[in-house]
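Beneath this line is the structure, given in structure tokens, with notes to follow.
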Amino acid sequence: MLLWSASIIWATAIVVWKLGPTPPGAHSFPQADKAIHAMAYAVMVLLLALSADRRPGRGPGPLPGSAVWLAVVAVAAGGALELLQHLTGRHTELLDWVADGVGAAIGVAVWAWVNRRWTHANMIVRRAGSPGVGPKS
């Protein structure tokens with residue numbers, strides 16, 4: 001439940017950030033806004049994948065195999081939000097949407113790495129506890 005709550009809070013923060021006034025620091029260095037877009041979407045997709053697809057330590061989530069689809073939906077929503085920005089007085093930028101996609105891909109990649117590491121660690125633990133494995137008494 002904690003991961004779902006974090007996912008919802010983070011996604012809501014992205015909507016507010018994308019449709020509200022330009023946040024401070026968005027132009028503190030060249031392409032800072034692109035870095036912020038990528039980071040925001042990487043974290044969001046990672047949280048969603050950990051909530052829905054496979055939860056380390058707890059097994060499959062309610063939507064197994066959904067990490068990539070969650071990223072696709074997140075990027076589509078990012079595109080829609082980018083198009084809606086002109087209604088709030090902000091500028092729509094294709095490169096912001098590209099940065100959303102890069103971030104979503106990073107989120108899936110991190111989730112896959114965590115999932116692989118967790119699965120590998122669990123296999124080692126299970127083998128160590130299996131009969132006939134380990135030191136003989």
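One table, with the values for the structure above:
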read-out	value
The chain - Rg and Dmax from Cα coordinates, angstrom	19.0, 74
For the chain: relative contact order, % (alpha-carbon pairs under 8 angstrom, 6 or more apart)	29 percent
Net charge over other residues, Cβ less than 15 angstrom from the Cβ of residue 97 (K, R count +1; D, E count -1)	-2
Approximate spin-label separation residue 90-residue 5, in nm, with each point projected 7 Å along Cα-to-Cβ	2.7 nm
Calculated [θ] (222 nm, deg cm²/dmol) that DSSP helices of n ≥ 4 give over the chain, each run adding -39,500 (n - 2.57)	-24000 deg cm²/dmol
Choice from 107, 79, 65 with maximal GNM fluctuation in the chain (Cα, 10 Å cutoff)	65
Cut-off under 5 Å, modelled amide H: who pairs with residue 54 long-range	61
Local electrostatic count, residue 114, Cβ distance below 14 Å [Lys/Arg +1, Asp/Glu -1]	+4
Positive minus negative residues near residue 81 (Lys, Arg vs Asp, Glu; Cβ under 9 Å)	-1
Net lengthening on full extension, residue 69/residue 35 (0.36 nm per residue, minus Cα-Cα)	10.0 nm
Segment 12-73 - Debye-derived log10 I(q)/I(0), Cα point model, q = 0.18 Å⁻¹	-0.71
Degrees between helix 67-84 axis and first principal axis of the chain (Cα, 0 to 90, nearest 10)	10 degrees
0 to 90° range, to nearest 10: angle between helix 94-129 axis and the chain longest Cα axis	10 degrees
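Each reported figure results from applying straightforward, stated rules to the coordinates on display, with no laboratory input. Note that the structure is a prediction, hence the values are computed from the model and not measured. Heads up, the Cβs are rebuilt from the backbone with ideal geometry, glycines too, and the neighbour counts pull from every protein chain shown.
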